[in-house]
Amino acid sequence: MAQAVDVAKYILTKTGEMTAMKLQKLVYYTQAWSLVWDENPLFEEDIQAWANGPVVPILYEYHRGQFKVSENTFADGDIDALTPNQKDSVDKVLDALQEKSGQWLSDLTHMEAPWKDARGNLQPTEKCNNVISLAAMHEYYSSL
């Protein structure tokens, strides 16, 4: 199975440099829509409900302290770990969302049940490492 770092590198090879926030949200949406379209997760790593929206902590370790990221940020990534079908799913998400800003994508996640439910009654700026479950993502995005 592909890893989140593989997905991140693939996204950046397709789009070029972007903010770390935007990349995190695009990785989140590729996971969500893979669950809906392919009925399988794209990667195994957890996604947590951080204050600025969904974050894959292992990716954060790669870009900690960086505002912008590029495919070189994720040198360990292997885009060939993604199947042609998985690449197609990522491409479809990118077609729909790559022109949006990181803040726009973050704001969108804040309006959606998977992130909101994982955070529970926490204040908007409170630290949180609760996992957004694959089941919650599948259920919510399947209903759209």
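Conditions (1) in contact (Cβ under 8 Å) with a residue 40 or more places away in the chain; (2) farther than 24 Å from Leu12 by Cβ, marked per residue:
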residue: Leu94; (1), (2): yes, no
residue: Gln103; (1), (2): yes, no
residue: Ser106; (1), (2): yes, no
residue: Ala118; (1), (2): yes, yes
residue: Pro124; (1), (2): yes, yes
residue: Val131; (1), (2): yes, yes
residue: Ala136; (1), (2): no, yes
residue: Tyr141; (1), (2): yes, no
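Does Val27 meet the test of being without any contact (Cβ under 8 Å) to a residue 40 or more places away in the chain and within 15 Å of Thr73 (Cβ to Cβ)?
Values: without any contact (Cβ under 8 Å) to a residue 40 or more places away in the chain: yes; within 15 Å of Thr73 (Cβ to Cβ): yes.
So Val27 fits the description; yes.
As an exercise: evaluate Asp95 against (1) over 19 Å from Pro41 (Cβ atoms); (2) part of a loop (DSSP other than H, G, I, E, B) and give the number of the one condition it does not meet.
Among (1) over 19 Å from Pro41 (Cβ atoms); (2) part of a loop (DSSP other than H, G, I, E, B), Asp95 violates only (2).
Test of understanding: among Leu94, Leu105, Leu82, which residue is surrounded by 12 or more Cβ atoms within 10 Å (Cβ to Cβ), more than 12 Å from the chain's Cα centre (by Cα) and within 20 Å of Trp37 (Cβ to Cβ)? Show your work before the answer.
On the way: Leu94 fails: more than 12 Å from the chain's Cα centre (by Cα); Leu105 fails: more than 12 Å from the chain's Cα centre (by Cα).
The unique qualifying residue is Leu82.
Leu23 fails exactly one of the following numbered conditions: (1) assigned to a helix (DSSP H, G or I); (2) surrounded by fewer than 22 Cβ atoms within 10 Å (Cβ to Cβ). What is the number of that condition?
Exception for Leu23: condition (2).
Only one residue in Glu39, Glu61 is part of a helix (DSSP H, G or I) and more than 13 Å from the chain's Cα centre (by Cα). Which one?
Details: Glu39 fails: part of a helix (DSSP H, G or I).
From the options Glu39, Glu61, the qualifying one is Glu61.
Please enumerate the residues belonging to the stretch 46-76 that are among the polar types (S, T, N, Q), loosely packed, with under 15 Cβ neighbours inside 10 Å and touching a Ser or Thr at 6+ places or on another chain (Cβ under 9 Å).
Here is the first cut: in the stretch 46-76, the ones among the polar types (S, T, N, Q) are 48, 52, 66, 70, 72-73.
Subsequent filtering for residues that are loosely packed, with under 15 Cβ neighbours inside 10 Å retains 66, 72.
If the condition is that a residue be among the polar types (S, T, N, Q), loosely packed, with under 15 Cβ neighbours inside 10 Å and touching a Ser or Thr at 6+ places or on another chain (Cβ under 9 Å), then Gln66 is the only one that fits.
Out of curiosity, is Asn72 at negative phi, assigned to a helix (DSSP H, G or I), free of Cβ contacts under 8 Å to residues at least 12 places away in the same chain and among the polar types (S, T, N, Q)?
Details: at negative phi: yes; assigned to a helix (DSSP H, G or I): yes; free of Cβ contacts under 8 Å to residues at least 12 places away in the same chain: yes; among the polar types (S, T, N, Q): yes.
In short, yes.
Quick note: the coordinates plus some simple rules give every number you see, no bench work behind them. Predicted model, so just to flag it, every value in this text is computed and none were measured. Using ideal geometry, Cβ is built from the backbone for each residue, glycine included, and neighbour counts are taken over all protein chains shown.
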